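Readers should treat all values here as calculations from the given coordinates under stated rules, not as data from a laboratory. Computed from a predicted model, the values in this text were never measured in an experiment. Here the Cβ positions follow ideal geometry from the backbone for every residue, glycine too, while neighbour counts run over all protein chains shown.
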Amino acid sequence: MDDLKSKYLGLIADAGDEAALEDLRVQAVGKKGEVSLKMRELGKMSPEERQVMGPKLNALKDEINSALSAKKSALADAALDERLRGEWLDVTLPGRPARQGTIHPVSQVTEEVTAIFADMGFAVAEGPQIEDDWHNFDALNIPPEHPARQEHDTFFMHRADGDNRPPHVLRTHTSPVQIRALQAQGAPIRVIAPGRVYRCDYDQTHTPMFHQVEGLAIDRDISMANLKWVLEEFCRAYFEVDKVELRFRASHFPFTEPSAEVDLRCSWQDGTLKVGEGDDWMEILGSGMVHPKVLAAGGIDPDQWQGFAFGLGIDRIAMLKYGIPDLRAFFDSDLRWLRHYGFASLDQPTLRGGLSR
Ligand code: PHE
């Protein structure tokens, strides 16, 4: 019995896992285990022998059983320790804050427009927001006495007393960038110029600062047909619809001849806009063939080069696409509005990935 005892206590102490422990239990105290077989032999013993051996065997069985359960819980503790070591967590790390800040719809739409025109071969050009009178007006065939000057609700910069040169202005449109791009790059040229413009006007659809994107394409044989295709292609991509219908309405701008304002077929149902269907027309831009005097002001020979230009209201097409009712809210910096209408900072618009998703 002493041999049995030291054998099993040794084996139990060395057992590596619960399965090994269970095998030992069956071998020792299971129905056909060594200790159990010894207990069966009690029946063949004399009553005196049985009185001695019975309690000894019982004690041995108890001892093995409690060694088994002690080892079992030791193994469970070790397994838990092992798991806790793996699941270690540094509670002193700073928390991850919810994402803060969004991309303003004007920025988002500017990116969308840029992606679409880039795909059609247009580069981005820039000009100053504080513009001189010549670039904003004269070079665009708007001489000093021209009535269009009044229509522009221009903000004039102050000149020092005694300085009689014409004052600088806050540019009233992005068209002066046509002149600057022509002067800088010459022809042929294909550029867009998104940016801020200023007019002294304020109501639900007008703010003193707003955004336009200018388009300019000059080459030897560019026609109105190219203008129409480019604008249709743009609208299809921007509004993310298969079919668009544009209406070219004869109009007048001093810097284009002929000139056309462009309307988009749409419908308004329960306050939501659908593009490409319905009975309404929405004016979205001004356009035309660049006036020879404008080409000349840009340093380009109008007998050799021709092309189109257009000017599109960015805020306006942002309102249309994203169902934003009041333009003034764009520039109130109200955090609730920005969170509602803003875009996730990592969702960059691409034609391949989808513009707005
Ligand atoms: N500059 C014009 C405006 O602000 C738009 C325009 C641009 C029209 C280019 C024709 C060509 O209203």
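In the frame of its principal axes, region 175-327 has Cα extents of 51, 34, 24 Å, reported largest first.
For Lys38, Lys56, what's the fewest-to-most ordering of other Cβ within 10 Å of each Cβ? It would help to have the intermediate numbers written out before the result.
Numbers: Lys38 16, Lys56 12.
Ordered by Cβ neighbours within 10 Å, fewest first: Lys56, Lys38.
Listed peptides 89-100, 223-234, 186-197, 146-157 appear in the order 186-197, 223-234, 146-157, 89-100 once ranked by packing, highest mean of other Cβ atoms within 10 Å at the front. Size of region 2-86 from its Cα atoms: along the principal axes, largest to smallest, the extents are 59, 19, 17 Å. Between the Cα long axis of helix 2-14 and the first principal axis of the chain there is an angle of about 10°, rounded to the nearest 10.
Can you give me the Cα centroid spacing of region 330-357 and region 62-79 in angstrom? With region 330-357 and region 62-79 each reduced to a Cα centre, they are spaced 62 Å. Between Glu257 and Ala98, the FRET efficiency estimated from the beta carbon spacing at R0 = 41 angstrom works out to 0.15.
A Cα-only calculation for the chain places Rg and Dmax at 42.2, 138 Å. What's the center-to-center distance, using Cα atoms, between region 201-260 and region 267-326 in Å? Using only Cα atoms to place each centre, the spacing works out to 2 Å.
Remark: spin-label model distance Ser46-Ser73 equals 4.4 nm, labels positioned 7 Å along the Cα→Cβ axis.
For region 278-336, taking Cα atoms only, Rg and Dmax work out to 18.0, 55 Å respectively.
A Förster distance of 35 Å, applied to the separation of the beta-carbon atoms of Ser223 and Asp203, puts the FRET efficiency at 0.40.
In which sequence would Ser287, Ser36 go, from the one with the fewest C-beta neighbours within 10 Å to the one with the most?
Numbers: Ser287 25, Ser36 15.
By the 10 Å Cβ count, ascending: Ser36, Ser287.
Shown here: region 223-286, whose C-alpha atoms stretch 39, 19, 14 Å along the first, second and third principal axes, sorted largest to smallest.
Once the Cα-Cα distance is subtracted from the 0.36 nm per residue extended length, the Ser66 to Ala344 segment shows a gain of 93.8 nm.
For the pair Asp242 and Met157, a Förster radius of 45 Å applied to the C-beta separation gives a FRET efficiency near 0.45, rounded to the nearest 0.05.
For the chain, adding -39500 (n - 2.57) for each run of n ≥ 4 DSSP H residues and dividing by the number of residues yields -12500 deg cm²/dmol at 222 nm.
Under 5 Å between amide hydrogens, built in the peptide plane, is the criterion, and for Ala123 it picks out Arg190, Val191, Ile192 among residues at least 5 positions away or on other chains. When the Cα positions of Gln150, Ile179, Leu273 are compared along the charge dipole of region 107-341, Ile179 comes out farthest toward the positive end, with charges on each C-beta of Lys, Arg, Asp and Glu.
Would you mind ranking Leu335, Leu9, Leu170 by Cβ crowding within 10 Å, fewest neighbours first?
Numbers: Leu335 12, Leu9 16, Leu170 20.
Listing Leu335, Leu9, Leu170 from fewest to most nearby Cβ atoms yields Leu335, Leu9, Leu170.
Computed from backbone phi, the HN-Hα couplings of region 208-223 come to x, 10, 8, 10, 10, 10, 8, x, 8, 9, 10, 7, 7, 9, 7, 10 Hz, rounded to whole numbers (Karplus: 6.51 cos²θ - 1.76 cosθ + 1.60, θ = phi - 60°; Gly and Pro given as x). What the phi angles of region 151-160 give under the Karplus curve with 6.51, -1.76 and 1.60, with θ = phi - 60°, is a coupling list of 5, 7, 6, 6, 8, 9, 7, 7, 9, 4 Hz, glycine and proline written as x. For the pair Trp337 and Glu283 in one chain, pulling the backbone fully straight at 0.36 nm per residue adds 16.8 nm over the alpha carbon distance.
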